[in-house]
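First up is the structure itself, then whatever we jot down about it.
Please treat every number below as a calculation from the coordinates, not as lab data. Just so you know, these numbers come straight off a predicted model, no measurement behind them. For neighbour counting, all protein chains shown are included, and Cβ atoms are generated from backbone atoms with ideal geometry for every residue, glycine included.
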Amino acid sequence: MVESRPTQTTGPTGRWADPVARLSLPPLPREVINVNSEGRRPTGPVKGFGSLWRRTYAIRLVNSAATPAEVIRVWKERFASFWPPAGRFYGADKPIDAGDMALLNLAGPAGITIATGILVIYADDVSFCFISAEGHMFGGLITFSAYQDQGTTVAQVQALLRASDPLFEIAARLGLTTKPEDQFWHGALKNLAAHFGVEGQPVRQQAVLLDRSLQWPQAKNIWYNAAIRNALHTPVRWLRGLGAR
Amino acid sequence: MAQSTVDIVVRSPAAGSKILDVQGEITGSAEEALFAALSTAGSDAGTILLNLSAVPSIDSTGAGLLIALLARVRNQRQRLLAYGLSQPCRRAFELTHLDEAVGVYADEAEALASL
C-alpha cells in the first residue's frame, strides 16, 4: 500500500547542503569497514582524472499509482534497503537529506571490500544528489530522481563521472568498474520498482561520453585510491580478527 | 523532452569574448538551450562568460550540465567565467567545485576587467 502524498514540487525548490571541508561519518556498526573514508574531502567530476561520462539508468513504474514525489520520499527513507548485495550503504538513521554523509562498502576484486564515502549535496521533493569523496573510484555526481513521462512515473539514476585517478581510469576502460556500476544501478532500480509492485520492467541505460580528455593535474588522486588502501589494510584487519578470537 | 526552463541570449561585449545571458532556472531541461547557446557563441571567442544574474535557482542536474559545459569549453581551448551568482548558484558552484574551475565574479564589469 502506497501512502498518498498529494504535494509535488516541480522545479528546483530544493536545498543545497552547507559546504563541508571533510567527511564526518555518522555512528557506524562495529563490523563496518571504515578505511579511507572519515575525514576525506568531497570531490566530484570537476576534480576527477578520467574521461567524463554521463551514465543514465531509468525504470518505468508501469501500472503503479506512485507519483514522483512518493517515489523520492520512499527512496530517501529506505535508500539502503534497495541496494543489491554487492554494496552496503551506511548513512544516518533517517530519510536522506542535503548535508548527510554516508559510508559505502562495495565489493571489490579478490574479495576486497572497498570503503569510501559520499556527501548528499542537494535534495528536493523529486530528486536528491550525492557527490563522491576522495578515494572513491569515481569523481562522481549522482542524481536520483523521479518524473512523469506519458502518464507513467519513471525512477532514474544519472551519474556524471570521471574515474578518480589513472588506475581507476584503466579499470574503467577495461570495464572492471563500469560494468559492476551498471549492474549495481540496474539492481537498485529493480528493487525500488519492486517496492511499488512493479516487476519485470527493463532498466533503460544510456552512456554518453561528454569529454574524452584526461585531467592530468588530478593524477595525484591516486594517493587516496580506495582499492589500494583497502587492499593494504585487509591483512591488518585479518590479523586483528585473529587476535580478537 | 521537457520544456526548457531557461532562455539564453548570446552577445559580444568585447573582441574575443561572448556573454551568455541566462534567464530562468537551470535544471536538466536546460541542456539543449545551454549547448545551443555555446554553439552560437562559437569556438573563436577566447572567453565565454555566463551571466547568471537572472538565474534564481539551480538543481543538481543543472549543476551537472554546467560541469559538462565547462568540459566542452575547455575542449575548445576557451576559458569559462561566471558572474551574478544567486545564493543557490553560489552554493552549487562551491559543492561541485565548479568555483575552482570557473572564474567567478560579482558582476559583468568585474568579469570583463579580468580579461
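Selection among B:A111, B:L38, B:Q78 by position relative to the dipole of chain B gives B:Q78 as farthest towards the positive end (Cβ unit charges, Cα centre).
For A:Y224, neighbours were defined as the other residues whose beta-carbon sits under 13 Å from its Cβ, and their charges (Lys and Arg +1, Asp and Glu -1) total +3. Take every DSSP beta bridge whose two residues both sit in the protein assembly as shown; close to 80 percent of them are antiparallel. Pairwise Cα distances in the protein assembly as shown exceed 40 Å in 14 percent of cases. Okay, which of the range A:217-232 sit inside 17 Å, backbone N to the point 7 Å along the Cα-Cβ direction of A:L239? Zone members listed by number: A:229-232. Charging the Cβ of each Asp and Glu at -1 and of each Lys and Arg at +1, and nothing else, the dipole of chain A about its Cα centre rounds to 660 debye.
Between helix A:178-195 and chain A there is an angle of about 40 degrees, using the helix long axis and the longest principal axis of the Cα atoms. In this structure the amide hydrogen of B:A82, modeled in the peptide plane, comes within under 5 Å of the amide hydrogens of B:L50, B:G103, B:V104, B:Y105, none closer than 5 places in sequence on its chain.
Between the Cα long axis of helix A:68-77 and the first principal axis of chain A there is an angle of about 40°, rounded to the nearest 10. Net charge in the neighbourhood of A:L209 (other residues with Cβ under 14 Å of its Cβ; Lys, Arg +1, Asp, Glu -1) is +4. Charged neighbours of A:G139, selected by a Cβ distance under 14 Å, balance to +1 (K, R count +1; D, E count -1). Look at A:F82, B:F93 and count the other Cβ atoms within 10 Å of each Cβ; fewest to most, that gives A:F82, B:F93.
Assuming charge only on the beta carbon of Lys and Arg (+1) and of Asp and Glu (-1), the dipole of chain B about its Cα centre is about 340 debye to the nearest 20. Dividing the mean sequence gap of close Cα pairs (under 8 Å, 6+ apart) by how many residues chain A holds gives a relative contact order of 29 percent. The angle separating the long axis of helix A:226-244 from the principal Cα axis of greatest extent in chain A is about 70 degrees.
Site pair A:K94 and A:A65 shows an inter-label distance of 3.1 nm when each label is modelled 7 Å from Cα along Cα→Cβ.
Cα convex hull, chain B: 86 Å³ per residue, rounded to a whole number.
Partner lysines whose Cα lies under 24 Å from the Cα of A:K47, excluding those fewer than 8 positions away in the same chain, are identified as A:K179, A:K220. Exposure proxy shown here: for A:I96, A:I131, the number of other Cβ atoms within 10 Å sets the order, fewest to most, as A:I96, A:I131. Of all DSSP beta bridges located in chain B, what percent are antiparallel, nearest 5? Bridges in chain B are about 30 percent antiparallel. Close amide H contacts of A:L25 (hydrogens built in the peptide plane, cut-off under 5 Å, sequence separation of 5 or more or a different chain): A:G39. Adding -39500 (n - 2.57) for every DSSP H run of four residues or longer, then dividing by how many residues the protein assembly as shown holds, sets the calculated 222 nm ellipticity at -8500 deg cm²/dmol.
Sorting A:T234, A:T67 from the fewest to the most surrounding beta carbons within 10 angstrom yields A:T234, A:T67.
In loop segments of the range A:44-140 as defined by DSSP, the trypsin sites (Lys or Arg not before Pro) with at most 15 further C-beta atoms inside 10 Å of their C-beta are A:R78. Here the range A:102-161 is described by how far its Cα atoms reach on the three principal axes: 45, 23, 18 Å, from widest to narrowest.
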